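The structure appears below as structure tokens.
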Amino acid sequence: RIRVTSPTLTDAPRTRERILDAALRLFAEKGYEATSMREISEQLGITKAALYYHFDSKADIVRAMLAATEERVAGLVDWAREQPHTAETRRQVLTRWSDIMQSHGLAAFRFVVANRQVIHELSPDKQGMHQCLGDLFTVLAPPGASVEDQLRVRLASADAAPAHRLDA
């Protein structure tokens, strides 16, 4: 017996990820404003209709990228809160933080640096990511940490929580 499955239903999550990856590459290469939905669909070899099935706009694509990162950071914070407060835990947190930030490589870095305003405007939950980063900083440098320890955390996390000031 042969079973026929719909590629749209079975491949939808993979297609969505492929769209996010291709869009990120194009946004990093050409810039957000200069990249069109048509170019994203052509890069993937899919129709514009298929692209629009997954995302209504470039803005929706960016929101999905940002939401996925926020979800991963929130998961890291949740995990870190359950761990003992040791130097080894801090190393593991920073390693996992680095993995999250580098998961899309140089393209993500180039996109973020070149499109800060777009990211700020389209961030799905500005307070959510801000809160996650603040929580991450607190896990790494709990209240009462010395200024030196706070500075180490700030440098190690590449200024992950800019809203938190060093206590003098």
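The residues of the stretch 87-97 that are more than 14 Å from Ala141 (Cβ to Cβ) and either of a type outside the set (D, E, K, R) or surrounded by fewer than 11 Cβ atoms within 10 Å (Cβ to Cβ) (or both), listed by number, are Glu88, Gln92, Thr95.
Screening Val153 against (1) open to solvent by less than 20 Å² (accessible area, probe 1.4 Å); (2) closer than 29 Å to Tyr32 by Cα leaves a single unmet condition, (2).
For the stretch 29-56, give me each residue that is more than 20 Å from the chain's Cα centre (by Cα) and exposed (fewer than 13 other Cβ atoms within 10 Å of the Cβ). Hits for the stretch 29-56 are Ala34, Arg38, Gly45, Thr47, Ala49. On the basis of being surrounded by fewer than 16 Cβ atoms within 10 Å (Cβ to Cβ), in contact with a helix residue (DSSP H, G or I) (Cβ under 9 Å, 6 or more places away or on another chain) and part of a helix (DSSP H, G or I), does Ala59 make the cut? Taking the combined requirement at face value, the residue satisfies it. Among the residues of the stretch 81-95, at least one is closer than 22 Å to Gln127 by Cα and out of contact with any helix residue (DSSP H, G or I) (no Cβ under 6 Å at 6 or more places or on another chain).
Residue by residue, here is whether (1) touching a Gly at 6+ places or on another chain (Cβ under 9 Å); (2) closer than 23 Å to Ile119 by Cβ; (3) modelled with pLDDT under 95 holds:
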{"residue": "Arg1", "(1), (2), (3)": "no, no, yes"}
{"residue": "Ser6", "(1), (2), (3)": "no, no, yes"}
{"residue": "Ala28", "(1), (2), (3)": "no, yes, yes"}
{"residue": "Ser36", "(1), (2), (3)": "no, yes, no"}
{"residue": "Leu51", "(1), (2), (3)": "no, yes, no"}
{"residue": "Val62", "(1), (2), (3)": "no, yes, yes"}
{"residue": "Glu70", "(1), (2), (3)": "yes, yes, yes"}
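Mind checking which residues of the stretch 18-56 are among the acidic types (Asp, Glu), farther than 15 Å from Ala107 by Cα and assigned to a helix (DSSP H, G or I)? Those that are among the acidic types (Asp, Glu), farther than 15 Å from Ala107 by Cα and assigned to a helix (DSSP H, G or I): Glu39, Glu42.
The values are calculated or read from the model by the stated rules, or taken from the named source; none is laboratory data. Being a predicted model, the structure only gives us computed values, none of them experimental. Ideal geometry is used to build each Cβ from the backbone, glycine not excepted, and the neighbour counts take in all protein chains shown. Accessible surface areas use protein heavy atoms only, side chains included; no ligands, DNA or RNA. Shrake-Rupley method; radii C 1.70, N 1.55, O 1.52, S 1.80 Å.
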